[in-house]
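The values are calculated or read from the model by the stated rules, or taken from the named source; none is laboratory data. Owing to the predicted nature of the structure, the values given are computational and were not obtained by experimental measurement. Heads up, the Cβs are rebuilt from the backbone with ideal geometry, glycines too, and the neighbour counts pull from every protein chain shown. Heads up: the accessible areas ignore ligands, DNA and RNA and are worked out on the full protein's heavy atoms, side chains in. Shrake-Rupley method; radii C 1.70, N 1.55, O 1.52, S 1.80 Å.
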Amino acid sequence: MTAAQPGSERRPMQRYLEHPRGGPTALRIVLGTQLRKLREESGVSTKAAADAIRGSHAKISRLELGRVGFKERDVADLLTLYGITDPDERADFIDLARQASAPGWWHQYSDILAPWFETHLGLEDAASVIRTYQNQFVPGLFQTEEYARAVTQLGNPRASAVEVERRVRLRITRQEILHREDPPRIWVVLDEAVLRRPIGGPGVMLAQLHRLIEVAQMPHVTLQIAPFSLGGVAAAGGPLTILRFLEPDLPDVVYLEQLTSALYLDKREDVDNYLSVMDRLCAEAERPVATLPFLVKMLDELGTQES
């Protein structure tokens, strides 16, 4: 591959260096995708690539998927193997590797974060569209502090008070993306069971309903309720989140959270299947215009019970 000539297309990494979006997780995926394309275009096997960086097939796979950080030496060796000799183009890749290895804002919580959830935080921070279906808890991005504390204690019954508070602070810090200048488009379908389950007690749920009414009126948020009358909602299984990104090198990602791990799916066939499920949920749930009246009615019911 030769250097770009005057008037020709810009070097592929320039746009990411000039306008980085989404933090280190997104940049790792972009860099991994570009390196995979270079490897395939040059006809190099994964084994040969692994040998070039003194690693394994698994290491190359993790690098190309953007699941781990990049050592500058490894990137330089791979570029040499793939025939990238232009100094400026090589420098672009090295600069991107350096940025992709920088810690995200969540690094300060690394003592309480599982690696699988760090990936989700990075993708969430980078996403331009977040679509989610929740059938047990209010999404973390919409939780009040008290509700988040109750959920944290349920999921971490042996955690110390200090750890619980750090986990709550992490969750509240995540919510800053709702208020930034370029917030993601967030589209949520909540099962009615989420609203009926008194997490933390009636007082906590009253405050949480007020919070949902507030976020439902944000211009970049769409909130729908899937009422009990929709028996078919069960076909969705558990919680489901789909993240979409502005960058063409970042594929849509399906996030399926489990008790102690998570699945990340980005194969087109898998993503399309889950998009179909999400589209069906959105079509069958109550229309967004019905959300506020539904929440106000629930607020009145809960308030009556409280009194």
**Prompt:** In the stretch 92-135, which residues have a backbone nitrogen under 19 Å from the label point lying 7 Å from Leu154's Cα in the Cα-to-Cβ direction?
**Reply:** 132-135
**Request:** Using 0.36 nm per residue of separation minus the Cα-Cα distance, give me the extension gain between Arg169 and Val68 in nm, one decimal.
**Result:** 33.8 nm
**Fill in**
Taking alpha-carbon centroids only, the stretch 71-90 lies from the stretch 275-304 a number of Å equal to 52 Å
**Message:** Under 10 Å, Cα contacts only: if you run a Gaussian network model on the chain, which one of Val289, Val138, Val168 comes out with the highest mean-square fluctuation?
**Reply:** Val289
**Message:** Using amide H atoms built in the peptide plane, which far-off residues or other-chain residues are under 5 Å from Ile225 H to H?
**Reply:** Leu190, Glu286
**Request:** Can you bin the stretch 206-257 into rounded, prolate or oblate? Criterion: square roots of the alpha carbon gyration tensor eigenvalues sorted a ≥ b ≥ c, rounded for a/c under 1.5, prolate for a/b above b/c, oblate for the rest.
**Result:** oblate
**Complete:** In the stretch 69-111, the trypsin sites (Lys or Arg not before Pro) that sit in a DSSP loop and have at most 14 other Cβ atoms within 10 Å of their own Cβ are Lys71
**Item:** Segment Arg196-Ala48, extension gain: residue separation times 0.36 nm, minus the distance between their alpha carbons
**Value:** 47.7 nm
**Item:** Separation of the Arg268 and Asp77 label points, Cα + 7 Å toward Cβ, nm
**Value:** 3.3 nm
**Request:** Could you point to the label whose value was computed as Cα extents along the principal axes in Å for the structure here, given (1) 58, 39, 37; (2) 74, 42, 34; (3) 58, 52, 29?
**Result:** (2)
**Prompt:** Just how large is the dipole of the stretch 34-89 about the Cα centre, in debye to the nearest 20, putting +1 at every Lys and Arg Cβ and -1 at every Asp and Glu Cβ?
**Reply:** 440 debye
**Asked** Which is the longest stretch in the chain that no exposed loop site breaks, taking sites as GluC sites (Glu not before Pro) with a DSSP loop state and at most 12 other Cβ atoms within 10 Å?
**Response** 10-180
**Item:** Exposure of Trp187 as accessible area (Å², to 10), given a probe of 1.4 Å and all protein chains
**Value:** 90 Å²
**Request:** State which helices in the chain qualify, where a helix is a whole DSSP H run, it must extend 18 Å or more along its own axis by its Cα atoms, and its mean Kyte-Doolittle hydropathy must be at least -0.5.
**Result:** 23-41, 202-216, 291-306
**Message:** Quick check for you: with a 1.4 Å probe and neighbouring chains kept, what is the accessible area per residue of the chain, in Å²?
**Reply:** 49 Å²
**Item:** Selection from Thr291, Ser160, Gly43 lying farthest towards where the dipole of the chain points positive, charges on Cβ
**Value:** Ser160
**Message:** If I model a spin label at Arg185 and Glu145 as a point 7 Å from the Cα along the Cα→Cβ vector, what separation in nanometres do I get?
**Reply:** 3.3 nm
**Item:** Cα principal axis extents for the stretch 155-236, largest first, Å
**Value:** 41, 35, 26
**Message:** Taking the alpha-carbon distance from Lys59 and a cut-off under 17 Å, which aspartates and glutamates remain once sequence neighbours fewer than 8 residues away in the same chain are dropped?
**Reply:** Glu40, Asp51, Glu72, Asp74, Asp77
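How large a share of the accessible area of the chain, in percent, is made up of carbon and sulfur atoms when the probe is 1.4 Å and the other protein chains stay in place? Can you show the working numbers first?
Working: 7970 of 15160 Å².
Of all accessible area on the chain, carbon and sulfur atoms account for 53 percent.
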**Prompt:** What residues qualify as long-range amide H neighbours of Leu246, i.e. H under 5 Å apart, gap of 5 or more or another chain, H built at 1.01 Å from N?
**Reply:** Ser128
